[in-house]
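Working notes for the structure below.
The values are calculated or read from the model by the stated rules, or taken from the named source; none is laboratory data. Here the structure is a predicted model, which is why all the values come from computation and not from measurement. Glycine gets a Cβ as well: all are built from the backbone with ideal geometry, and neighbour counts include every protein chain shown.
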Amino acid sequence: MANGKKKSKKKIIVFSIIGVIIVALVLLAFFGGNKEEIISVQTEKVEKRNITQTVTATGKINPEFKVIITPEVTGEIVSLPVKEGDNVKKGTLLLRIKSDAYVAQREKAEAMLQSSKASLSQRDAELTKVEADYNRAKELHSKGLSSDSELESAKSIFISTRAMYQSAQANVMQSEANLRESTDQLSKTAIYSPMDGTITQLNVELGERVLGSGFSQGTNIMTVSDLGNMEATVDVDENDVVLISIGDTANVKVDAFSNKVFRGTVTQIGNSAQSAGLGTQDQVVNFGVRIKLIDSDINLRPGMSCTSDIQTETKSNVFAVPIQSVTARDEDKSMNTEEGGDGEEEAEAVTQKKDNGKKEIQEIVFVVKNGKAKTINVETGISDDNYIEIKSGLSGGEDVVSGSYRAISRELKDGVVVRVEEKKKTFGANKN
């Protein structure tokens, strides 16, 4: 009997302990679940700033003016008085091609011209005599002293002789043209510089045989470049080239001059696309843009690699926020990320359209007011590397959330409680 009572007491104690644990867990779940989540953020005041939109592109340094020298006649190089790197003036002899064959052609043309002229003189004398005979026959016929057949015969001889004279004249003209052509060919055996500049490329040597450009492209002998006027030729992506205009200013950095920035102006925008990687996932479509360097350097060389920042548009005294402050949300949803996602797709969706225009991705920022996050729809404009223009939605002075990226892209929503942390200072950052 005593043992039965002891067992009942043990059961009561066990069940009491279990009941207390269950009540404690329920209370903990109830009060703990109602505890409001606090998200840590960093903020920045909305202020007016100057925003300069830029387009970055890479390319090469090239002379603004250069001439590729190719011969117009074929032959052996017998004189090459210049070498690569030489400075030359306009009219300086660059090379001479063996001219023996062209001298012989000119002498032959001169002889043919002399022969044609002699033949013309002979035909002229014959024509003079035949014309006199024909005039005499006409006079006798008018007086009835000669027959019709005699007049016709004289006329026929006159017409034939005149035709031979005209043919001799044509032969003289042809011979003169042949002489001019052979003289021109002979003059092309000596090639002179067409401009003041520098021999930036020399592809031949003395004694080498070169091909003229009469029936083919011809041999690329050398390149004469004006190194005093340099330009950057850069490849701009098809999405960015529409932002660029003639006259836009640019800052050009040359890899060989790491501490110097060259100023330039856009002088030409290509109309033809330059495609690379056709038919692959890496296909790229670029357009060539030429930037004239205003402050060139004598040490710049053709072919040097460069990077240019083209300033396409500047707006002064406009409201701006950090670029990372602007995110995108579906107009029908407060959050637009799936469980486990990293939010990058959402951030990249700024300014884009959704579902063929039926729904818009709304650009928003979060501002902190009374310790809570508030969603504000905004309209953005141009941007630079750090800030983006706000056309509407903000009036200045608001504390806009600028970090963290995870909070902006995934965690924040309208009305959530936030705790503002001091922004971490980056080593070496410039103070505003």
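The figures follow:
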| read-out | value |
| --- | --- |
| Residue 216, sole failed condition from (1) surrounded by 14 or more Cβ atoms within 10 Å (Cβ to Cβ); (2) closer than 30 Å to residue 73 by Cβ; (3) among the hydroxyl-bearing types (Ser, Thr, Tyr) | (1) |
| Residue 234 vs. criteria over 30 Å from residue 262 (Cβ atoms), among the aliphatic types (A, V, I, L, M) and within 44 Å of the chain's Cα centre (by Cα) | no |
| Members of the stretch 139-159 that are surrounded by 13 or more Cβ atoms within 10 Å (Cβ to Cβ) and part of a helix (DSSP H, G or I) | 140, 141, 150, 151, 153, 154, 155, 157, 158 |
| Enumeration of residues in the stretch 77-108 that are of a type outside the set (S, T, N, Q), within 15 Å of residue 187 (Cα to Cα) and surrounded by fewer than 19 Cβ atoms within 10 Å (Cβ to Cβ) | 78, 91, 93, 96, 98, 100, 101, 103, 104, 107 |
| Positions within the stretch 45-70 being closer than 27 Å to residue 236 by Cβ and assigned to a loop (DSSP other than H, G, I, E, B), in sequence order | 64, 65 |
| Meets criteria (under 30 Å from residue 309 (Cβ atoms) and outside the structural domain of residue 250 (by TED's automatic domain parsing)) for residue 44 | yes |
| Hits in the stretch 71-87 (condition: part of a loop (DSSP other than H, G, I, E, B) and more than 30 Å from residue 263 (Cα to Cα)) | 71, 72, 73, 74, 80, 81, 82, 83 |
| Residue match in the stretch 156-164 (condition: touching a residue at least 40 places away in the same chain (Cβ under 8 Å) and not aromatic (Phe, Trp, Tyr)) | yes |
| Residue check for residue 239: in contact with an Asp or Glu (Cβ under 6 Å, 6 or more places away or on another chain) and outside the structural domain of residue 75 (by TED's automatic domain parsing) | no |
| Residues within the stretch 356-380 that are outside any loop (DSSP other than H, G, I, E, B) and under 14 Å from residue 324 (Cα atoms), tallied | 6 |
| Condition check for residue 341: assigned to a loop (DSSP other than H, G, I, E, B) and modelled with pLDDT of 90 or more | no |
| Selection from the stretch 170-200 of residues that are crowded, with 17+ Cβ neighbours inside 10 Å and within 22 Å of residue 303 (Cβ to Cβ) | 193, 197, 198, 199, 200 |
| The one condition in (1) touching a Phe, Trp or Tyr at 6+ places or on another chain (Cβ under 7 Å); (2) part of a strand (DSSP E or B) that residue 185 fails to fulfil | (2) |
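Here's the yes/no breakdown for (1) among the β-branched types (Val, Ile, Thr); (2) within 26 Å of residue 116 (Cα to Cα):
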| residue | (1), (2) |
| --- | --- |
| 126 | no, yes |
| 130 | yes, yes |
| 140 | no, no |
| 144 | no, no |
| 154 | no, no |
| 159 | yes, yes |
| 164 | no, yes |
